[in-house]
Amino acid sequence: MFESLTGNDRVKEVLKRMLSSGRLPGALLFVGEEGIGKKLFALEVARALNCRTPIDNQGCGSCPACKRIVHLNYPTSSEPKDWIPIIWTDHPDAGMVVAPLRQLRVDQMRQIETEANFRPMEGKARVFIIDEAEKLNDPSANALLKVLEEPPSTSHLILITSRPAMLLPTILSRCQTIRFSPLTPAEIESYLTSNKLADLSSARLRARAAGGSISRALSGDLDTFTAQRRAMLVVLEALVVTNNVAQLLRSSEQLNEAQYKDEFEERLDVMETLIRDAWMLSLGSKREQLVNEDLYKDLEPISRRIDPAKAAAWILEIEDMREQLIVNINRKAATDALFVTMSSGEIPVKRFSVK
Ligand SMILES: [Zn+2]
């Protein structure tokens with residue numbers, strides 16, 4: 001059942017509608033960030049099509065077919081050659097291909113073509129998942145096009161990607177795109193606690209550090225995240241409460257220390273969520289709506305003094321700087337300039353004009 005999956009209620013509705021109308025497209029493209037469950041949704045589609053005792057056109061989750069479909073037989077070695085064949089689930093009609101190295105290969109697409117032309121072995125439809133579809137190169141994309149052009153009615157392809165811009169237009173135009181949203185902190189928190197992956201307090205913190213992704217919530221380093229939030233809260237206090245430029249410059253220096261080099265952008269992310277939270281509170285949002293709900297006590301006094309128009313401008317300033325990071329700017333000078341501009345009390349109008 002789609003209900004057993006975390007988040008993305010709108011996607012669940014779209015897929016349920018497609019399944020119940022019997023008009024599931026032959027090729028779907030699942031687009032969305034890493035670690036938010038796209039593959040699980042794809043397997044759930046395979047269940048719905050092959051379940052022996054479907055409920056409401058969805059997989060029951062407990063019949064032998066449903067149970068076998070969610071078990072993928074990944075190769076045990078890391079040898080690229082072992083990753084070329086289709087990785088089947090325990091069910092003969094559901095499988096996946098994964099790039100053995102940096103690219104998906106032509107022979108993998110040919111295997112899909114061959115297999116897609118067989119009638120289902122056991123269930124009602126065959127489902128092939130193509131993971132990290134952005135790794136299709138020109139030859140493998142062209143090989144895949146052959147299947148996408150005339151998919152047999154009993155086979156479905158589900159392409160998965162976090163970077164749709166890297167796909168060829170010919171591929172994009174033959175798939176129906178379904179967009180996944182990042183998960184909310186509350187959704188991640190309930191996933192972590194209901195699956196007993198973290199206790200309540202660490203689940204809350206992990207959910208907030210995750211930026212919408214369950215895999216990040218599980219791999220994230222909590223001490224780092226706590227330190228990042230502390231440091232960025234100091235910046236926000238200096239901006240809003242004490243108007244302490246010296247502190248801002250010290251924070252800029254710290255942000256640019258060699259040991260935090262790899263965290264620079266993460267820290268900017270964290271700062272944006274704090275600004276947004278204080279801004280939302282100032283507009284009357286409730287505590288539960290905050291990303292950093294657990295920092296309510298620190299954010300509340302800031303929210304009483306923050307100017308919403310300035311908060312909006314600050315976020316644009318930060319985004320602007322992020323863009324400049326792509327070209328090789330002097331980060332330290334840019335951070336100084338960012339903080340000083342933010343503290344100057346002026347709302348930089350230029351950001352709103354067309355460049
Ligand atoms: Zn079932």
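Every number in this text was worked out from the coordinates using simple rules, so none of it is lab data. This one's a predicted model, so the numbers in the text were calculated from it and none came from an experiment. Positions of Cβ are generated from backbone atoms using ideal geometry, with glycine treated the same way; all protein chains shown enter the neighbour counts.
What's the exposure ranking of ILE86, ILE112, going from fewest to most Cβ atoms within 10 Å?
So the residues, fewest neighbours to most, are ILE86, ILE112.
Listed highest first by mean packing, meaning other Cβ atoms within 10 Å per residue, what order do 161-168, 42-49, 137-144, 195-202 come in?
Those peptides, ordered most packed to least, come out 42-49, 137-144, 161-168, 195-202.
For the chain, set up a GNM with springs between Cα atoms under 10 Å and report which of THR53, THR242, THR89 has the largest fluctuation.
THR242
Going by a ≥ b ≥ c, the root eigenvalues of the Cα gyration tensor, does the chain fall in the rounded group (a/c under 1.5), the prolate group (a/b larger than b/c) or the oblate group?
prolate
Please report the net charge: other residues with Cβ closer than 14 Å to the Cβ of ASP56, K and R +1, D and E -1.
Charge balance near ASP56 sits at +1.
Just in segment 256-313: which trypsin sites (Lys or Arg not before Pro) are loop by DSSP and have at most 15 other Cβ atoms within 10 Å?
Those that pass, being in a loop and sparsely packed, are LYS286.
Once a ≥ b ≥ c are taken as the square roots of the eigenvalues of the Cα gyration tensor of segment 23-72, is the result rounded (a/c under 1.5), prolate (a/b larger than b/c) or oblate (a/b not larger than b/c)?
oblate
Normalised by the number of residues in the chain, what is the relative contact order in percent for Cα pairs under 8 Å and 6+ residues apart?
Relative contact order here is 14 percent.
If we count other beta carbons within 10 Å of each Cβ, what is the order of TYR260, TYR191, fewest first?
Fewest-to-most Cβ neighbours within 10 Å comes out as TYR260, TYR191.
Under 1.5 on a/c is rounded, so check that first for segment 201-350, then, if it is not, pick prolate when a/b is larger than b/c and oblate when it is not; a ≥ b ≥ c are the square roots of the alpha carbon gyration tensor eigenvalues.
It comes out oblate by the Cα gyration axes.
What is the spin-label model distance, in nm, from ARG10 to SER285 if the labels are put 7 Å beyond Cα along the C-beta direction?
Taking the simple label geometry, ARG10 and SER285 are separated by 1.8 nm.
Of LEU101, LEU29, LEU281, which has the largest mean-square fluctuation in a 10 Å C-alpha GNM of the chain?
Greatest mean-square fluctuation among the candidates belongs to LEU101.
Report the GluC sites (Glu not before Pro) located in segment 256-297 that are in a DSSP loop and have at most 13 other Cβ atoms inside 10 Å of their Cβ, or state none.
The qualifying sites are GLU257.
Given charges of +1 on the Cβ of Lys and Arg and -1 on the Cβ of Asp and Glu, with all other atoms neutral, how large is the dipole of segment 1-135 about its Cα centre, in debye to the nearest 20?
Working: 19 positive and 18 negative charges, 75 e Å.
Around 360 debye, computed over segment 1-135.
Per residue of the chain, what 222 nm ellipticity follows from adding -39500 (n - 2.57) for every DSSP H run with n ≥ 4, rounded to the nearest 500?
Mean residue ellipticity at 222 nm (helix-derived): -15000 deg cm²/dmol.
Report, in whole Å, the centroid distance computed from the Cα atoms of segment 1-73 and segment 283-312.
Segment 1-73 and segment 283-312 have Cα centres spaced 38 Å from each other.
Arranged by the count of other C-beta atoms within 10 angstrom, fewest first, what order do ARG216, ARG229 take?
Starting with the residue having the fewest Cβ neighbours, the order is ARG216, ARG229.
Can you tell me the 0 to 90 degree angle between the C-alpha axis of helix 308-326 and the longest principal axis of the chain, rounded to 10?
Rounded to the nearest ten degrees, it is 60.
Mind pulling the angle between the C-alpha long axis of helix 185-194 and the longest principal axis of the chain? Nearest 10 degrees, somewhere in 0 to 90.
In the chain, helix 185-194 runs at an angle near 60 degrees to the longest axis.
Can you give me the long-range amide H partners of THR177? Hydrogens built in the peptide plane at 1.01 Å from N, cutoff under 5 Å, separation of 5 or more residues or another chain.
Hits under the 5 Å cutoff: LEU29.
LYS286: which aspartates and glutamates have alpha carbons under 14 Å from its alpha carbon, excluding same-chain residues fewer than 8 sequence positions away?
Straight-line reach from LYS286, under 14 Å: ASP277, ASP294, GLU300.
Nothing charged except the Cβ atoms of Lys and Arg (+1) and of Asp and Glu (-1): what's the magnitude of the dipole of the chain about its Cα centre? Round to the nearest 20 debye.
In debye, rounded to 20, the chain gives about 720.
Using a Gaussian network model of the chain whose springs link C-alpha atoms within less than 10 Å, name the residue from ALA312, ALA217, ALA99 with the highest mean-square fluctuation.
ALA312
What do you get for the angle between helix 264-282 and the principal long axis of the chain? Use alpha-carbon atoms, 0 to 90 degrees, nearest ten.
70 degrees
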